[in-house]
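In what follows, a single structure is set out as structure tokens and then discussed.
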Amino acid sequence: MKRENFLKRVGSRLMVAVMMMAVVACGPEPTPEPEPEPEPENEEFIITVDDISADQMTITVTPPAYEPVYFACLYPDTEQSLGADDSALLDGILTSTTFDMFINEGEQSFTYQGLVGNSHYRLVYFSYNKGGGQVLSDLYRSERITTPEGEKMFNITVSNISGMSADVKIEPKDKTMTYDYYLDEMSDYVDMHNSSDYELIQFDFDYWRSMASMYGCTVADLLGERIVTGDYVTTSMNEMKLMEWDTEYYAYAYGVDENGTLLSHVTKEVFRTASPEKSDVTFTIGEPTFNYYFHQEEGYGAVRGWQVNVPITPSDPEAKYYVTVTNSNWYDWYFGEYNDGRSDYKYIQLQILNNAIDGMMMTSIDDLYTLYKQGECVYNPQVERDQNPLKENYGYVVLVFGVDENGATTDVITTKHFTTDFYPVE
């Protein structure tokens with residue numbers, strides 16, 4: 001190929017390349033890819049419950065980016081643990097010998113074990129300068145975290161439920177496990193224990209500690225006598241005297257040894273007592289009459305007082321009823337300004353029946369039924385119930401209300417107040 005032709009071809013190619021470069025250079029500049037926005041740094045704690053079961057939970061704590069060191073600890077959500085204000089609670093945390101164990105840095109996940117099923121907890125946390133020993137934020141309490149029910153280790157059967165009594169059978173899955181048990185009103189579980197099994201157990205242990213202090217022994221001594229093994233059968237009369245009619249109760253049990261070590265979660269069986277059949281029967285209380293009583297008792301000396309006879313006439317001769325005579329102060333106290341507890345008729349009727357059980361040391365609900373009256377009668381408490389003779393110049397009251405096997409059938413108590421005379425001069 002001739003030199004000049006070669007140069008012409010090369011020159012043409014160079015011109016094309018230059019022209020293409022010029023075209024590119026003269027065209028619009030390409031748009032650069034936008035850089036991703038940086039993740040915003042969190043300015044507050046982020047608390048996440050990752051996993052929860054009856055006896056453990058895992059919580060992830062993400063602290064503020066600018067204050068990565070913090071204290072975090074899980075507490076039972078109880079008055080005893082978290083009832084103090086933030087200042088007092090913080091002081092207790094900072095002076096605790098275990099404080100340093102709960103200082104952490106950066107996002108971390110914590111697994112808390114040994115929890116109680118169906119119980120409430122809260123995470124307490126705050127930013128902290130470990131080097132300077134300074135609290136750098138407010139003290140925070142997480143939302144309430146409630147564990148689910150634990151495994152039921154007992155089969156609890158409630159039978160023969162009446163208005164005032166029930167039979168309870170407790171069958172543990174592990175026949176060798178020691179356990180405690182009791183009956184109580186569901187209102188107490190809700191109001192006193194905040195529907196928390198942890199608080200229920202804590203209440204029981206507080207009771208054992210107070211009893212140990214009273215009797216000068218250890219909790220282990222008392223629990224050693226209280227706890228049982230194997231199947232156990234009891235009645236409400238054995239545990240709490242009479243139950244209140246038309247009221248929700250629960251029987252419960254949990255494994256525990258004499259040293260107070262929990263061996264299981266709480267198993268509960270809820271039931272409701274029966275309701276008495278309401279009646280419109282009314283009662284007429286006649287004027288009491290009195291017999292002077294004087295007797296020399298060996299070892300006690302002279303015993304004297306008034307025996308009283310009280311005529312009672314029900315409007316329905318078939319209706320059953322309960323009658324008693326007590327001092328006026330007892331009755332007046334229930335309805336007076338000094339009674340800071342319950343003063344409704346239903347509760348007082350129950351207390352009257354409980355007093356009969358105590359006074360006559362009854363062990364069966366059937367014993368109480370033997371005190372029921374039917375038809376017209378003249379009631380003499382000294383003869384019929386071995387009640388002490390009445391004092392001289394003292395106020396008493398006759399109390400009458402309708403009853404059946406399930407409790408009081410009348411909403412009010414028919415009353416008659418009287419005052420005894422002075423003893424005759426001997």
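The values are calculated or read from the model by the stated rules, or taken from the named source; none is laboratory data. Just so we're clear, the structure is a prediction, and the values are computed from it rather than from any experiment. With ideal geometry, Cβ positions are generated from the backbone for all residues, glycine too; neighbour counts draw on all protein chains shown. Just so you know, the surface numbers come from the protein's heavy atoms only, side chains and all, with ligands and any DNA or RNA stripped out. Shrake-Rupley method; radii C 1.70, N 1.55, O 1.52, S 1.80 Å.
Would you check if residue 131 is surrounded by 15 or more Cβ atoms within 10 Å (Cβ to Cβ) and within 30 Å of residue 61 (Cβ to Cβ)? Spelling it out, it is not the case that residue 131 is surrounded by 15 or more Cβ atoms within 10 Å (Cβ to Cβ) and within 30 Å of residue 61 (Cβ to Cβ). Answer yes or no: is there a residue in segment 176-190 that is assigned to a loop (DSSP other than H, G, I, E, B) and of a type outside the set (A, V, I, L, M). For segment 176-190, residues assigned to a loop (DSSP other than H, G, I, E, B) and of a type outside the set (A, V, I, L, M): present.
For segment 393-419, the candidate set comprises residues that are in contact with a Gly (Cβ under 6 Å, 6 or more places away or on another chain) and under 17 Å from residue 370 (Cβ atoms); within that set, the residue that is least open to solvent (accessible area, probe 1.4 Å) is 407. Within this structure, residue 180 fails the test of being open to solvent by 40 Å² or more (accessible area, probe 1.4 Å), of a type outside the set (Lys, Arg) and under 19 Å from residue 251 (Cβ atoms). Within segment 202-223, residues that are exposed (fewer than 11 other Cβ atoms within 10 Å of the Cβ) reach partners that are assigned to a helix (DSSP H, G or I) with beta carbons closer than 9 Å, at six or more positions or on different chains, in the pairs 215/221; 215/222.
Filtered by the rule that a residue be open to solvent by 30 Å² or more (accessible area, probe 1.4 Å) and either modelled with pLDDT of 95 or more or under 18 Å from residue 114 (Cβ atoms) (or both), segment 46-67 gives 46, 47, 48, 49, 50, 51, 52, 53, 55, 56.
In this structure, is residue 252 out of contact with any Cys (no Cβ under 7 Å at 6 or more places or on another chain) and either at pLDDT below 95 or in a helix (DSSP H, G or I) (or both)? It is false that residue 252 is out of contact with any Cys (no Cβ under 7 Å at 6 or more places or on another chain) and either at pLDDT below 95 or in a helix (DSSP H, G or I) (or both).
Determine, yes or no, whether residue 116 is modelled with pLDDT of 95 or more, under 30 Å from residue 268 (Cβ atoms) and touching a Gly at 6+ places or on another chain (Cβ under 8 Å). Spelling it out, residue 116 is indeed modelled with pLDDT of 95 or more, under 30 Å from residue 268 (Cβ atoms) and touching a Gly at 6+ places or on another chain (Cβ under 8 Å). Please verify whether segment 123-139 includes one or more residues that are at pLDDT 95 or above and among the basic types (Lys, Arg). The answer is no; no qualifying residue exists. All of 247, 234, 267, 261 fail the test of being open to solvent by less than 30 Å² (accessible area, probe 1.4 Å) and under 19 Å from residue 203 (Cβ atoms), apart from 267. Within segment 141-156, the presence of a residue that is at pLDDT below 95, among the small types (Gly, Ala, Ser) and either open to solvent by 50 Å² or more (accessible area, probe 1.4 Å) or over 29 Å from residue 222 (Cα atoms) (or both) is excluded.
For residue 422, indicate whether it is surrounded by 15 or more Cβ atoms within 10 Å (Cβ to Cβ), under 30 Å from residue 302 (Cα atoms), at pLDDT 90 or above and not acidic (Asp, Glu). Here the answer is no, as residue 422 does not meet what is asked.
Checking each residue in segment 273-289 for being surrounded by 15 or more Cβ atoms within 10 Å (Cβ to Cβ) and not in a loop (DSSP other than H, G, I, E, B) picks out 283, 285.
For the structure I just gave you, tell me whether residue 316 is open to solvent by less than 70 Å² (accessible area, probe 1.4 Å), at pLDDT 95 or above, among the charged types (D, E, K, R) and part of a loop (DSSP other than H, G, I, E, B). For residue 316, the condition - open to solvent by less than 70 Å² (accessible area, probe 1.4 Å), at pLDDT 95 or above, among the charged types (D, E, K, R) and part of a loop (DSSP other than H, G, I, E, B) - is met.
Residues in segment 290-313 that are outside any strand (DSSP E or B) and either at pLDDT 95 or above or not hydroxyl-bearing (Ser, Thr, Tyr) (or both): 298, 299.
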